[in-house]
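See structure below.
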Amino acid sequence: VSTQSTWGLNPELKRPGMSTREELVFMAKISEQTERFEDMIDYIKKIVANNADLSVEERNLLSVAYKNSVGSRRTAWRALRSIEQKEEAKGSKHLNLLREYKKKIEAELNSICQDILNLLDASLIKSASNNEGKVFFLKMKGDYFRYISEFAQGEQLSRASENALQAYKAASEAATKDLKTTDPIRLGLALNFSVFYYEVMNEPTKACSMAKQAFDDAIADIEHLDEDKYKDSTTIMQLIRDNLTLWTSELENEEGNDAGNVENL
């Protein structure tokens, strides 16, 4: 019986013969196809250790690996929070069991988030060879501090929120300077940064203003949209518009509800 941690390094990945970058990329793709995202993380981390300046393909694999690993746990945590509220209203005798299980999920979330945040700070951000990569990684930093802020409390919540804000701001400054308004990385950043303002900072007016500005700027430059980025950019623009529709409706009705918010996956 294996005694390795929930998402620790698979012993198979330590095999000496599997050391070339090409092999690691291949196995990361296989892990993605088989939905073995913890294994995918281990393969990508080996690539980072050998050469921190990732290609666009490797960068995207890194994002997919961590996003899916943390995504299932975020979904589980939200479901548990909802169940906990219902059980609390009923005066359930099983509340302690639920809360202990929720703590387990929170510990896993925190571990995964800290893992990628350490990777970003230690090598990925500083080693990015161009501004597109720098924006991509700074956005990731903001995202994973935002994920921590979803379940954190007290001082941990304050730190995570502030760190997310600073990372998103740095990414936005670099994106405004160097990326087109229609670039999918810049649009994805605007989408997630606006969700951060809405959900974490509780500033719906700021969230709407940021999302609208990004959408309007992209629409104004839509004729200059690169063909190879058309699908990604227009998909994110639709997500931004969906949020704007939801948020403005809620502001008009003075009813806050984050259930329908979307983000760049």
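Data table
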read-out	value
Among Tyr147, Ser127, Phe137 - extreme Cα towards positive end, dipole of segment 93-168, charges at beta-carbon	Tyr147
Extension gain, Thr34 back to Arg81 (0.36 nm per residue minus Cα-Cα distance, nm)	14.0 nm
Per principal axis, descending, Cα span of segment 77-119 in whole Å	43, 14, 8
Difference of contour (0.36 nm per residue) and Cα-Cα distance, Glu23 to Arg74	15.3 nm
Helical mean residue ellipticity (222 nm; -39500 (n - 2.57) per DSSP H run of 4+; nearest 500) of the chain	-25000 deg cm²/dmol
Cα-based Rg / Dmax (Å) for the chain	19.6, 61
Test item: Cα-centred dipole of the chain, Lys/Arg +1 and Asp/Glu -1 on Cβ, debye	900
Anchor Lys169: lysines whose Cα lies under 23 Å away (excluding residues fewer than 8 positions away in-chain)	Lys67, Lys126, Lys134, Lys139, Lys141, Lys177, Lys180, Lys206, Lys212
Dipole magnitude (debye, nearest 20) for segment 68-115, charges at Cβ of Lys, Arg, Asp, Glu	180
Two-site FRET efficiency, Asp217 against Arg159, from Cβ-Cβ distance with R₀ of 41 Å, rounded to 0.05	0.80
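Values quoted throughout were computed directly from the atomic coordinates according to the rules given, and no laboratory measurement underlies them. Quantities reported herein were computed from a predicted structural model and do not represent experimental measurements. Cβ sites come from the backbone with ideal geometry, for glycine too, and all protein chains shown count toward neighbours.
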